[in-house]
Amino acid sequence: MRALLIGGSGDTGRRLAERLTRHGCEVVVTSRTPAEVAIDRFPPGIRVVAADPVLDPAGFRTAVASVGPC
């Protein structure tokens, strides 16, 4: 299973990513500023993609599409 966490770079998103990973999910986290995301706070295998649904809707759609189907 694949999970997309929109704005998942905060404490709640990190905890959810950990739980999803433990249950075998491939997790992709969106962030407006992926370079600033402390990827070491996430379990191994988490992918962070740039996406801002408000300021860049087209880019957000592209990021979501890059995750692909489950």
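The values are calculated or read from the model by the stated rules, or taken from the named source; none is laboratory data. As the structure is a computational prediction, the values presented were derived from the model and not from experiment. Reconstructed Cβ throughout: ideal geometry from the backbone, glycine too, with neighbour counts over all protein chains shown. Surface accessibility is based on the protein's heavy atoms, side chains included, excluding ligands, DNA and RNA. Shrake-Rupley method; radii C 1.70, N 1.55, O 1.52, S 1.80 Å.
Exactly one of (1) in contact (Cβ under 8 Å) with a residue 60 or more places away in the chain; (2) surrounded by 13 or more Cβ atoms within 10 Å (Cβ to Cβ) is unmet by residue 68. Its number?
Failed condition: (2).
Just checking, how many residues over the stretch 24-56 are in a strand (DSSP E or B) and in contact with a Gly (Cβ under 9 Å, 6 or more places away or on another chain)?
Number satisfying all stated conditions: 8.
When the residues of the stretch 39-61 are filtered to those that are over 12 Å from residue 6 (Cα atoms) and open to solvent by less than 40 Å² (accessible area, probe 1.4 Å), which remaining residue is modelled with the highest pLDDT?
Among them, the one singled out is 46.
How many residues, within the stretch 1-23, are in a helix (DSSP H, G or I), at pLDDT below 90 and under 11 Å from the mean Cα position of the chain (by Cα)?
Here the count works out to 3.
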